[in-house]
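Chemist: What follows is a single structure, and I will ask about it in a moment.
The values are calculated or read from the model by the stated rules, or taken from the named source; none is laboratory data. Just so we're clear, the structure is a prediction, and the values are computed from it rather than from any experiment. Methodologically, a virtual Cβ is constructed for each residue, glycine included, from the backbone with ideal geometry; neighbour enumeration extends over all protein chains shown. Ligands, DNA and RNA are stripped out before the accessible areas are found, and what is left, the full protein with its side chains, is counted by its heavy atoms. Shrake-Rupley method; radii C 1.70, N 1.55, O 1.52, S 1.80 Å.
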Amino acid sequence: LSKDQGDDYSSIIWPENLRRFNQQLEGDFVGVGILLRYDDKRQLMIANPLEGGPAARAGVQPNDRIIEVNGMPTAGWTLNKAVETITGPAGKQVVMKLRRGEGELATDLEVPLVRERIKMRSVNGWWKRSIDEGGTPEWDWMIDPDAGIGYLRVTSFNDDTLDDMADAIEAMRKAGQLRGLVLDLRG
């Protein structure tokens, strides 16, 4: 269905997009931990490297443009083609050639990355204390520990969201008396 048909709350998922949709619902996938978008010239660009993933650990930055994947130029690639090429079996390497910067200041970097299972975290806390080597954050869940006010931000919904919320609330209860909860559903 399209918006021209008067339904703002429904959409159709075409077969070529089903795999990506299921990855979002399942909350994990095998890849290098990047979110992709197009720049204003329809070149593939890193929207965001996922914290703790192979790309973030290798220094990949937002707005790096992907020029090649495994020696193949990406000009004209769809986002689906990029996802299909960059993702793959865990433990296997993919090499991305990135362009960082603009004009004369642009530099090209060749970045070899080993694919691994990436968990899409949908529940965040108030403040991130640390992050372990596997990319798992340790959250401070309390906005006001003295008043017993906790904080949960749900950034998306996937198979793990309910369990992650329950774990977070349990952590808040262990930290002290939980009297209130701010549930942030923005975006």
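Chemist: Expressed as an acute angle from 0 to 90° and rounded to the nearest 10, what is the orientation of the C-alpha long axis of helix 15-26 relative to the principal long axis of the chain?
Modeler: Between helix and principal axis, roughly 30 degrees.
Chemist: Give me the net charge for the shell around Arg99: Cβ to Cβ below 14 angstrom, other residues only, Lys and Arg +1, Asp and Glu -1.
Modeler: Combined, the nearby Lys, Arg, Asp and Glu give -3.
Chemist: Probe radius 1.4 Å, ligands and nucleic acids ignored: give me the carbon and sulfur share of the accessible area of segment 51-150 as a rounded percent.
Modeler: Roughly 52 percent of what the probe reaches on segment 51-150 is carbon or sulfur.
Chemist: Just to confirm, what accessible area per residue do you get for the chain at 1.4 Å probe, in whole Å²?
Modeler: Accessible area per residue: 62 Å².
Chemist: On alpha carbon coordinates alone, what is the Rg over Rh value for the chain, Rh being the Kirkwood radius?
Modeler: Reported Rg/Rh (Cα atoms, Kirkwood Rh): 1.04.
Chemist: A follow-up question, please. Where the centroid of each part is defined by its Cα atoms, how far is segment 25-87 from segment 117-176 in Å?
Modeler: Spelled out, the Cα-based centre of one part sits 26 Å from the other.
Chemist: Separation between the Lys81 and Lys128 pseudo-spin-labels, each 7 Å from Cα along Cα→Cβ, expressed in nm?
Modeler: So the label points at Lys81 and Lys128 sit 3.3 nm apart.
Chemist: Please list 3J(HN,Hα) in residue order for segment 118-129, calculated via the Karplus relation 6.51 cos²θ - 1.76 cosθ + 1.60 where θ = phi - 60°; whole Hz, with x for glycine and proline.
Modeler: Per residue, the Karplus-derived 3J(HN,Hα) values read 10, 9, 7, 7, 10, 10, 10, x, 6, 8, 8, 6 Hz.
Chemist: How would Leu181, Leu162 rank on accessible area, largest to smallest, probe 1.4 Å?
Modeler: Largest to smallest exposure gives the sequence Leu162, Leu181.
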